[in-house]
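The values are calculated or read from the model by the stated rules, or taken from the named source; none is laboratory data. What you are looking at is a predicted structure, and each value in this text was computed from that prediction instead of being measured. A quick note on method: Cβ atoms are made from the backbone with ideal geometry, for glycine too, and the neighbour counts reach across all protein chains shown.
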Amino acid sequence: MERNRRSAVALLGAGLIAAASTGLAQAQAPAWPTKAVKFVVPFAPGAGTDIGARLAADVLARKWNQSVLVENRPGGDSLIAIRAVVNDNDDHQLLFTPTGNFTPHPFRHEKLGYVRDRDLLPIARFSNTILAVGVSDQSGIKSLQELVEVARKRPGELNVMTVPGITDLVWDNFTTALDLKIQKVSFNNLGQGAAEMAAGRIQVVMSAYAIMQPVIGNGAKVLAVNSRTRSPALPNVVTAIEVGVPSLQLEGLVGLFGPKSMSPALRKRIGEEVAEVARQPNIAERLVASGQTPNPGGADEFAKDIAEQEKQVAEIAIRVGLKKLD
């Protein structure tokens with residue numbers, strides 16, 4: 001009888017442990033999504049990030065059995081899109097963006113209205129925007145080393161268009177490190193800047209490859225990509241690091257972020273599912289065609305990359321004489 005009692009107690013204990021484990025798992029990974037999911041993109045429709053968001057949304061809508069909508073909120077140096085996600089604090093409204101859109105923010109704005117590592121949590125790394133340095137054929141410049149040499153021989157004579165934000169900051173890092181004088185010119189329409197390069201009216205563009213892609217081979221050429229490794233889309237184009245110009249290194253990280261209300265378990269689950277989308281061959285092919293490189297990774301991998309980029313931005317800011325404003 002004592003043996004039966006001990007067996008009953010053991011079974012009861014095992015049952016309580018199993019129930020507790022099940023309850024804990026349910027608490028850590030609640031049912032999600034329970035309504036339509038929204039990807040907020042800080043660009044107008046048609047941009048590379050917008051294309052990536054829509055590719056992911058289409059696949060995930062079928063997987064999640066819920067609508068996945070893409071909402072474009074351009075402007076305000078991405079603050080409009082970021083604040084929408086942060087202020088709503090809804091785990092069904094997520095931000096799909098390049099990290100370079102916000103990593104320079106503390107050095108560009110006095111009142112951000114958000115704290116990145118508290119309010120904007122990495123979920124998944126999806127792709128890398130291909131960033132590159134291009135030149136006009138009329139410039140006669142055939143390599144990044146030649147660009148440096150010409151700029152030294154003719155200080156202030158060359159013109160460059162860069163993209164506001166981290167791309168512009170990294171360009172300043174390059175010219176400061178090598179003591180070069182290259183005049184910046186601005187265009188509201190970045191595609192117009194690329195066209196001006198092809199026409200020879202400006203000599204250099206540093207931007208997403210997709211912006212200059214229409215004129216490459218038609219008045220302009222790519223000298224180097226900014227990433228650490230060569231891009232699958234441009235396998236014959238060297239990296240800036242390969243040719244001894246590490247001050248131009250920049251990763252065009254793009255991924256998904258959630259608000260502070262999102263649980264770690266849910267971030268992990270969504271991160272794995274989003275990364276799996278980027279691994280699909282048909283998705284990878286379409287990303288490359290739009291000037292991107294698939295770069296799938298979960299929440300932890302993405303968080304590590306962002307921390308590294310934030311450190312890079314802080315170091316460049318010191319080098320070029322910028323101070324934190326927020």
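With the condition kept exactly as written, say whether any residue in region 278-289 is in contact with a Phe, Trp or Tyr (Cβ under 9 Å, 6 or more places away or on another chain), outside any strand (DSSP E or B), surrounded by 20 or more Cβ atoms within 10 Å (Cβ to Cβ) and not assigned by TED's automatic domain parsing to the domain that holds residue 92.
If we filter region 278-289 for residues that are in contact with a Phe, Trp or Tyr (Cβ under 9 Å, 6 or more places away or on another chain), which is where we start, we get 278, 287.
In the following step, the residues that additionally are outside any strand (DSSP E or B) were identified as 278, 287.
Checking the rest, the ones that are also surrounded by 20 or more Cβ atoms within 10 Å (Cβ to Cβ) come to 278, 287.
Checking which are not assigned by TED's automatic domain parsing to the domain that holds residue 92 leaves us with none.
No: region 278-289 contains no residue that is in contact with a Phe, Trp or Tyr (Cβ under 9 Å, 6 or more places away or on another chain), outside any strand (DSSP E or B), surrounded by 20 or more Cβ atoms within 10 Å (Cβ to Cβ) and not assigned by TED's automatic domain parsing to the domain that holds residue 92.
Is it the case, given these coordinates, that residue 257 is among the aromatic types (Phe, Trp, Tyr) and either touching a Cys at 6+ places or on another chain (Cβ under 9 Å) or not in a helix (DSSP H, G or I) (or both)? Spell out how you get there, then give the answer.
Values: among the aromatic types (Phe, Trp, Tyr): yes; either touching a Cys at 6+ places or on another chain (Cβ under 9 Å) or not in a helix (DSSP H, G or I) (or both): yes.
Criteria met by residue 257.
Please count how many residues of region 59-82 are part of a helix (DSSP H, G or I) and either in contact with a strand residue (DSSP E or B) (Cβ under 6 Å, 6 or more places away or on another chain) or more than 16 Å from residue 275 (Cβ to Cβ) (or both).
Kept after step one, since they are part of a helix (DSSP H, G or I), are these residues of region 59-82: 59-64, 76-82.
Filter once more, so that each one left must be either in contact with a strand residue (DSSP E or B) (Cβ under 6 Å, 6 or more places away or on another chain) or more than 16 Å from residue 275 (Cβ to Cβ) (or both): 60-62, 76-82.
Residues meeting the conditions: 10.
Which residues, taken from region 183-195, are buried (at least 21 other Cβ atoms within 10 Å of the Cβ) and closer than 19 Å to residue 157 by Cβ? Don't jump to the end; show me each part of the working.
Keep residues of region 183-195 that are buried (at least 21 other Cβ atoms within 10 Å of the Cβ), which gives 193-194.
Scanning region 183-195 gives a single hit, 193.
Do we have residue 309 as of a type outside the set (A, V, I, L, M, F, W, C), farther than 22 Å from residue 38 by Cβ and either in contact (Cβ under 8 Å) with a residue 60 or more places away in the chain or out of contact with any helix residue (DSSP H, G or I) (no Cβ under 7 Å at 6 or more places or on another chain) (or both) here?
Numbers: of a type outside the set (A, V, I, L, M, F, W, C): yes; farther than 22 Å from residue 38 by Cβ: yes; either in contact (Cβ under 8 Å) with a residue 60 or more places away in the chain or out of contact with any helix residue (DSSP H, G or I) (no Cβ under 7 Å at 6 or more places or on another chain) (or both): yes.
Judged against the criteria, residue 309 is a match.
Only one of these conditions is not met by residue 210: (1) part of a loop (DSSP other than H, G, I, E, B); (2) at pLDDT below 95. Which number is it?
So residue 210 meets the others, but not (1).
If you take the residues in region 89-126 that are hydrophobic (A, V, I, L, M, F, W, C) and in contact with a strand residue (DSSP E or B) (Cβ under 7 Å, 6 or more places away or on another chain), which one is surrounded by the fewest Cβ atoms within 10 Å (Cβ to Cβ)? Before the answer, list the steps.
Looking only at region 89-126, we keep the residues that are hydrophobic (A, V, I, L, M, F, W, C), and these are 94-96, 102, 107, 112, 115, 120-121, 123-124, 126.
After this cut, where a residue has to be in contact with a strand residue (DSSP E or B) (Cβ under 7 Å, 6 or more places away or on another chain) as well, the list is 94-96, 120-121, 123-124, 126.
Details: 94: 24, 95: 27, 96: 29, 120: 20, 121: 23, 123: 29, 124: 28, 126: 28.
Among those residues, the one meeting the criterion is 120.
Take residue 97 and tell me if it is among the β-branched types (Val, Ile, Thr) and part of a loop (DSSP other than H, G, I, E, B). Spell out how you get there, then give the answer.
On the way: among the β-branched types (Val, Ile, Thr): yes; part of a loop (DSSP other than H, G, I, E, B): no.
No.
Which one of these does residue 200 not meet: (1) assigned to a helix (DSSP H, G or I); (2) in contact with a Ser or Thr (Cβ under 7 Å, 6 or more places away or on another chain); (3) within 22 Å of residue 150 (Cα to Cα)?
For residue 200, the exception is condition (1).
Need the failing condition index for residue 258 against (1) crowded, with 19+ Cβ neighbours inside 10 Å; (2) without any contact (Cβ under 8 Å) to a residue 40 or more places away in the chain, just the number.
(2)
Return the residue satisfying two criteria in turn: it lies in region 231-255 and is buried (at least 16 other Cβ atoms within 10 Å of the Cβ) and not hydrophobic (A, V, I, L, M, F, W, C), and of such residues it is nearest to residue 299 (Cα to Cα).
If we take residues in region 231-255 being buried (at least 16 other Cβ atoms within 10 Å of the Cβ) and not hydrophobic (A, V, I, L, M, F, W, C), then 255 is nearest to residue 299 (Cα to Cα).
Let's see how each residue does on (1) over 24 Å from residue 288 (Cα atoms); (2) without any contact (Cβ under 8 Å) to a residue 60 or more places away in the chain:
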| residue | (1), (2) |
| --- | --- |
| 59 | no, no |
| 68 | no, yes |
| 83 | yes, yes |
| 99 | no, no |
